[in-house]
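Encoded as structure tokens, the structure appears first; notes follow it.
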Amino acid sequence: MKKVDKDVLVDASSRLLFTLKEEELDTLLEEFKILQAQMEMMKEVEGLENYEPMTFPFDVSVDYLRDDVPSEPLSRDDVLRNAGSVKDGEIKLPKVVG
């Protein structure tokens, strides 16, 4: 397992375009140490390799979703009328990348 230290956390946060304060780095580093210790403890469980990893905690063979009723899509005018901001016949969205 890759060693996680402050340099790794600073690099990861800068790649994600945010910075961490020193106390946030300390807290995150402590959380990673706990997580790594828990992962090491899992290696000590006998027979663990005989089990398949769980990908979802619930039985997904039952469909809990509603049945869709076919319907006509909204007209362009209805969509634009419901939009918060419209410019030149298009929905105007806030800028999300600097």
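Coordinate-derived values only; no laboratory data. Predicted model only: the values in this text are computed from it and were never measured. No Cβ is skipped: glycine too gets one built from the backbone with ideal geometry, and neighbour counts run over all protein chains shown.
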Item to check | Under Karplus coefficients 6.51, -1.76 and 1.60, residue-wise ³J(HN,Hα) of the stretch 10-26 in Hz, glycine/proline x | outcome: 5, 4, 5, 5, 5, 5, 8, 6, 8, 10, 10, 6, 4, 5, 5, 4, 4
Checklist outcome for this item: For the chain, Rg(Cα) over 2.2 N^0.38 Å is 1.93
Next on the checklist: Through the Karplus equation 6.51 cos²θ - 1.76 cosθ + 1.60, θ set to phi - 60°, convert the phi angles of the stretch 80-91 into ³J(HN,Hα) values in whole Hz; use x for Gly and Pro.
Outcome noted: 5, 5, 8, 6, x, 9, 10, 9, 6, x, 10, 6
Item to check | Per-residue [θ]222 nm for the chain (sum of -39500 (n - 2.57) over DSSP H runs n ≥ 4, rounded to 500) | outcome: -12000 deg cm²/dmol
Item to check | Eligible lysines near residue 33 by straight Cα distance, threshold 22 Å, same-chain separation 8 or greater | outcome: 2, 3, 6, 21, 43
Checklist entry - Kirkwood Rh, Cα Rg: Rg to Rh for the stretch 1-50? => result 1.14
Checklist outcome for this item: In whole Hz, the Karplus estimates of ³J(HN,Hα) for the stretch 4-9 (6.51, -1.76, 1.60; θ = phi - 60°; x where Gly or Pro) are 9, 10, 4, 4, 5, 5
Item to check | Amide H within-cut-off set for residue 86, under 5 Å, with H built and near neighbours excluded | outcome: 92
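Restricting attention to the stretch 17-93, which GluC sites (Glu not before Pro) occupy a DSSP loop and are surrounded by at most 13 other Cβ atoms within 10 Å?
Hits after loop and neighbour filter: 44, 46.
Counting other Cβ atoms within 10 Å, keep those with at most 15, restrict to DSSP loop, and tell me which trypsin sites (Lys or Arg not before Pro) in the stretch 17-98 are left.
Filter output for the stretch 17-98: 21, 43, 66, 92, 95.
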Next on the checklist: Are there any chymotrypsin sites (Phe, Trp or Tyr not before Pro) in the stretch 19-98 that are in a DSSP loop and have at most 13 other Cβ atoms within 10 Å? List them by number.
Outcome noted: 51, 58, 64
Checklist entry - What is the distance in Å between the Cα centres of the stretch 1-67 and the stretch 68-87? => result 40
